[in-house]
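Trainee: Dropping the structure in here first, questions after.
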Amino acid sequence: MAEVQPTNPSIACEIFGHLPDGTPVERVRLLGEKGFELAVITFGAAVQSLHTPDRGGRCADVVLGHDDLAAYLARRSLFGATVGRCANRIAGASFLLDGRRVNVTANDGANSLHGGAAGFDRQLWSIEALADGPAPSVRLAYVSPDGEEGYPGTLSARVTYALTEGTGFSIAYEAVTDRPTVVNLTHHSFFNLGGVATAEDVLDHELLIAADAYLPVDDALIPLGRPEPVAGTPFDFTQLRPVGARIRDGHEQVRLGRGYDHNFCLEGGRTGAQRLAASVRHPASGRTMELLTNQPGLQLYSGNFLDGTVAGKHGRLYRQSDAFCLEPQAWPNAPNRPDYPSVRLGPGQVYRHVSIYRFSTT
């Protein structure tokens, strides 16, 4: 990789590769304490790697992804990506907005998933600002034109990645529009706190989710309706328990999702400040991740559709349950559900989403 900017104590910028038309894709590495390092690429505004120490001080990369740009371009895998304009699923790839029918791209059967066929994860973002020092950060921007993937309005989006407290990072999204539209952005890292170079799955990771209700889904993974209690089901993560403890139970919802691929309705809904949404612990390494967010929902995905056809870092084939995703966001199919937290954004309003990922060891 060619160096395009001198390194400093907290930021390093490099060329990660080139698009087919020759446009460079950059990688920005934010350097923290104890070897902690977050690397973000401008393609998809994606987290390409995340190194964090275990209880013995040994650092490992804990997110799935690729070592070169060509692999990201070859197949849409959403590794570490910024997802938009509307994350998750929209039933029938259609919704009413202010009384007008809007049709968006159907790319998941009859439904729309993660912004359509070429969502924000397939776009080249630009670096708008860099800041070094004890809390280094990078701000990226993307302007989604009116009509992109069917969504109305020109949407100007920004995402800022910043290191926090030496061994953590925050993600702050903002967006404004010139016409009424819908917006639901999220982060889509695939985590394995044991380190992605290992051959271990994540079923032994201990998970807590601060939610006493979730959204059951149909066979297309569209929510059926109202939240249901997690108590007495495999979706009860109100106390730390292994991800795999009940993932093979004969529960109908686990069968439909081929594991977990469900929205948890976070306590307090959409909030003004971030609060704890989830905590994950890997017993063998001692790595712990806490996720705080101001969003009303958290999608838990247990890597059910990783099928060994994608080779990632270290040439390793990614298989089912090799990683998990925790995606803070509004609830799925919200544009079609006036009873769900709204994703409507109008001119003069500012969409704001802040999530914090804190890492420690036990």
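Trainee: Could you grab me the full set of residues in segment 95-104 that are surrounded by fewer than 23 Cβ atoms within 10 Å (Cβ to Cβ) and either touching a residue at least 24 places away in the same chain (Cβ under 8 Å) or within 17 Å of the chain's Cα centre (by Cα) (or both)?
Mentor: 95, 96, 97, 98, 102, 103
Trainee: Is one or more of the residues making up segment 74-82 among the polar types (S, T, N, Q), touching a Pro at 6+ places or on another chain (Cβ under 9 Å), part of a loop (DSSP other than H, G, I, E, B) and touching a residue at least 60 places away in the same chain (Cβ under 8 Å)?
Mentor: Our first condition is that a residue be among the polar types (S, T, N, Q); within segment 74-82, this holds for 77, 82.
Add one more test, that the residue is touching a Pro at 6+ places or on another chain (Cβ under 9 Å), and what stays is none.
Within segment 74-82, not a single residue is among the polar types (S, T, N, Q), touching a Pro at 6+ places or on another chain (Cβ under 9 Å), part of a loop (DSSP other than H, G, I, E, B) and touching a residue at least 60 places away in the same chain (Cβ under 8 Å).
Trainee: How many of the residues in segment 291-318 are in contact (Cβ under 8 Å) with a residue 40 or more places away in the chain and charged (D, E, K, R)?
Mentor: Counting residues in segment 291-318 that are in contact (Cβ under 8 Å) with a residue 40 or more places away in the chain and charged (D, E, K, R) gives 2.
Trainee: Name the residues in segment 246-257 that are out of contact with any Leu (no Cβ under 8 Å at 6 or more places or on another chain) and either at pLDDT 95 or above or among the β-branched types (Val, Ile, Thr) (or both), would you?
Mentor: Correct list: 246, 251, 252, 253, 254, 255.
Trainee: While we're looking at this one, here's another question. Checking the condition buried (at least 16 other Cβ atoms within 10 Å of the Cβ) and either without any contact (Cβ under 8 Å) to a residue 40 or more places away in the chain or hydrophobic (A, V, I, L, M, F, W, C) (or both), which residue from 107, 111 passes?
Mentor: Working: 111 fails: either without any contact (Cβ under 8 Å) to a residue 40 or more places away in the chain or hydrophobic (A, V, I, L, M, F, W, C) (or both).
When all the criteria are applied, what remains is 107.
Trainee: Output the residues belonging to segment 264-274 that are in contact with a Pro (Cβ under 7 Å, 6 or more places away or on another chain) and either in a helix (DSSP H, G or I) or surrounded by fewer than 19 Cβ atoms within 10 Å (Cβ to Cβ) (or both). It would help to see each step written out before you state the result.
Mentor: Of the residues in segment 264-274, the ones in contact with a Pro (Cβ under 7 Å, 6 or more places away or on another chain) are 265-266, 269-270.
Result: 269, 270.
Trainee: Which fully enclosed strands (runs of 3 or more DSSP E) of segment 102-207 have 2 or more residues being of a type in the set (A, V, I, L, M)?
Mentor: 126-131, 137-144, 155-163, 168-177
Trainee: Quick one: what pairs do we get from segment 50-72, first residue closer than 20 Å to residue 323 by Cα, second among the β-branched types (Val, Ile, Thr) and assigned to a loop (DSSP other than H, G, I, E, B), C-beta under 7 Å, 6+ apart or different chains?
Mentor: Pairs that qualify, where the first residue is closer than 20 Å to residue 323 by Cα and the partner is among the β-branched types (Val, Ile, Thr) and assigned to a loop (DSSP other than H, G, I, E, B), are 50/62; 52/62; 52/167; 61/196; 62/196; 63/196; 64/196.
Trainee: Against the condition among the basic types (Lys, Arg) and closer than 27 Å to residue 289 by Cα, how does residue 100 come out, does it pass? Steps first, please.
Mentor: Working: among the basic types (Lys, Arg): yes; closer than 27 Å to residue 289 by Cα: no.
No: the conditions fail for residue 100.
Trainee: Now a separate question. Just to verify a result, which residue in segment 293-351, among those that are among the small types (Gly, Ala, Ser) and over 23 Å from residue 277 (Cβ atoms), is surrounded by the most Cβ atoms within 10 Å (Cβ to Cβ)?
Mentor: Looking at residues that are among the small types (Gly, Ala, Ser) and over 23 Å from residue 277 (Cβ atoms), I get 312.
Trainee: Select, from 201, 261, the only residue that is touching a Lys or Arg at 6+ places or on another chain (Cβ under 9 Å), of a type in the set (Asp, Glu) and surrounded by 15 or more Cβ atoms within 10 Å (Cβ to Cβ).
Mentor: 201
Trainee: Sticking with this one: Any idea which of 135, 162, 87, 172 is among the aliphatic types (A, V, I, L, M) and over 30 Å from residue 59 (Cα atoms)? Talk me through it step by step, then tell me what you get.
Mentor: Details: 135 fails: over 30 Å from residue 59 (Cα atoms); 162 fails: over 30 Å from residue 59 (Cα atoms); 172 fails: over 30 Å from residue 59 (Cα atoms).
Answer to the check: 87.
The values are calculated or read from the model by the stated rules, or taken from the named source; none is laboratory data. These numbers were taken from a predicted model, which means no experiment stands behind them. Note that we place each Cβ from the backbone using ideal geometry, even for glycine, and neighbour counts take in every protein chain shown.
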